[in-house]
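For reference, the structure is listed below as structure tokens.
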Amino acid sequence: MEQIDRCIKEYRAETTPGYCLLKQREGDYMAYDKGLAQRIREILEEEHGFNEKKMFGGICILFNGNMACGILNDDIIVRVGPYIYEESLKKPHAREFDITGRSMKGWVMISSEGYESDVDLIDWLYKGIEYARSLPPKQNVKK
């Protein structure tokens, strides 16, 4: 199954404009939508405490060192926190964040249909930012 997933990612990277596939280690790939990453950067680049990091096999957006959201393949990951987690799961195109067989409470994944419009994307991003900013800043963080 792992080899099939890798082959699908390789094919997609070769045939889909704007799709990025980075080889991290032998047989280990990180896939994400470069167009979506740029869209998110343009929305968030002026925000205080914004930083981007490769993580979870994709790209993560951090504020003051705390993860707010990220991109994994064509999905966005949003750290909504415990208080609006259940409510967030009820929104269209949202589901539990589960890449290991065990869901992470307080985190949701949104498929591309759920953030097609800029309004929807911004809404999801700022849910994550609001939660990340509610946490104590991490030490030695790029401001």
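The values are calculated or read from the model by the stated rules, or taken from the named source; none is laboratory data. Please read these numbers as outputs of a predicted model, since none were measured by experiment. Heads up, the Cβs are rebuilt from the backbone with ideal geometry, glycines too, and the neighbour counts pull from every protein chain shown.
The table below gives the values:
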| item | result |
| --- | --- |
| Flag if Ser111 is over 24 Å from Ala31 (Cβ atoms), modelled with pLDDT of 95 or more and polar (S, T, N, Q) | no |
| Flag if Leu21 is modelled with pLDDT under 95 and aliphatic (A, V, I, L, M) | yes |
| So Lys105, is it basic (Lys, Arg) and either exposed (fewer than 15 other Cβ atoms within 10 Å of the Cβ) or in a helix (DSSP H, G or I) (or both) | yes |
| Of all residues in the range 54-81 being of a type in the set (Val, Ile, Thr) and touching an Asp or Glu at 6+ places or on another chain (Cβ under 9 Å), the one that is nearest to Lys105 (Cα to Cα) | Val80 |
| Where a residue in the range 36-52 is more than 20 Å from Asn64 (Cβ to Cβ) and its partner, wherever it lies, is aliphatic (A, V, I, L, M), with Cβ under 6 Å and at least six apart | Leu36/Ile71; Ala37/Ile59; Ala37/Ile71 |
| Count of the range 71-91 residues which are at pLDDT 95 or above, part of a loop (DSSP other than H, G, I, E, B) and at negative phi | 6 |
| Residue in the range 50-70 that is in a loop (DSSP other than H, G, I, E, B), within 23 Å of Asp33 (Cα to Cα) and among the acidic types (Asp, Glu) present | no |
